[in-house]
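Please read the structure below before turning to the comments.
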Amino acid sequence: MTGPIEETAVATVADWHEGLAEVLTGAADQARAAVEEFSGPDAVGDYLGVDYEDPTAATHRFLAHLPGYQGWQWAVVVAAYPGAGHATISELVLIPGPTALLAPEWVPWERRVRPGDLSPGDLLAPAADDPRLVPGYTASGDPQVDETAAEVGLGRRWVLGVLGRFEAAERWHTGDYGPEAPMARSTKRVCRDCGFFLPLAGSLGAMFGVCGNELSADGHVVDKQYGCGAHSDTPTPAGSGSPRYEAYDDGLLDVMQAPRAAEPETEASEPETGPAEPHPEVGPGLPDTPESAPEPLEPPD
């Protein structure tokens, strides 16, 4: 059983030498035997069809059963000359099919390292003739930076040139701390007016600074048009949920000690026969009879 053939291919085969196409097409079993001899009978799967390369060559394809090569195919090229009674094997290769698992596209070494790949102890030297860097003894193109470096007397072997600063500004502006970031689009306040914003020196300070809020983008370079909910002008919410009030846990249970039960009386009390008459309290140093009112003193003669 052969695979589907395009109409143009059918017309081309019809114009070929009589019997040659039949010889090439009929070499499917011969092609399978070649694959079995090369890789074993268990590595050959279903027959997938035949493709014609030219009037004297055709390619028979079989499904490959190899570990790690899902969706790959065996391709066996057979050839014959006009008047030949059988075809001969020209080539046998393993090729990827439409659903084959393929390795990622090859990337040159200088472009393989991506942001975040650098680990402690790794050494990553800049590329030779890196266009982002210029010699430190030449002007960087930033008047403020050049003036400051001259005043302080500090120098570096390499400094970031115009291209390097432009690429850095482009990354920062379009990155996670730029004006189009989801965090920035969710608020109306921007870093330019925030008390935690620390502007950069030099020409980059016109657009960027460093966040000094530990609860936000602390230590990251942020665009002046970036913003977040931790802006210094953010008002404190009102109500019991405000940070001004202590949190109240309405699910907390108050454990209270139950009162102790009264102990039962051991002696029976005497029954009361009538209303009790009040008796004056008698105690040490008190007379048995109630005190009489003091007599008035007579005036002296």
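Read the figures in this text as sums done on the coordinates, not as results from a lab. Please read all numbers here as calculations on a predicted model, not as lab measurements. We place every Cβ from the backbone using ideal geometry, glycine too, and count neighbours over all the protein chains shown.
For this structure, a couple of remarks:
- The listed residue being assigned to a loop (DSSP other than H, G, I, E, B) and at positive phi, out of Gly49, Gly116: Gly116
- Residue check, Glu36 surrounded by fewer than 18 Cβ atoms within 10 Å (Cβ to Cβ), without any contact (Cβ under 8 Å) to a residue 40 or more places away in the chain, out of contact with any Ser or Thr (no Cβ under 8 Å at 6 or more places or on another chain) and over 30 Å from Ala127 (Cα atoms): yes
- Residues in segment 184-217 that are of a type in the set (A, V, I, L, M, F, W, C), under 11 Å from Ala230 (Cβ atoms) and surrounded by fewer than 16 Cβ atoms within 10 Å (Cβ to Cβ): Leu215 alone.
- Which listed residue is farther than 19 Å from Glu36 by Cα and not in a loop (DSSP other than H, G, I, E, B), from Glu110, Glu91, Glu105: Glu110
- For segment 40-69, a residue qualifies if it is surrounded by 15 or more Cβ atoms within 10 Å (Cβ to Cβ) and charged (D, E, K, R), and the qualifying residues are Asp51, Arg61.
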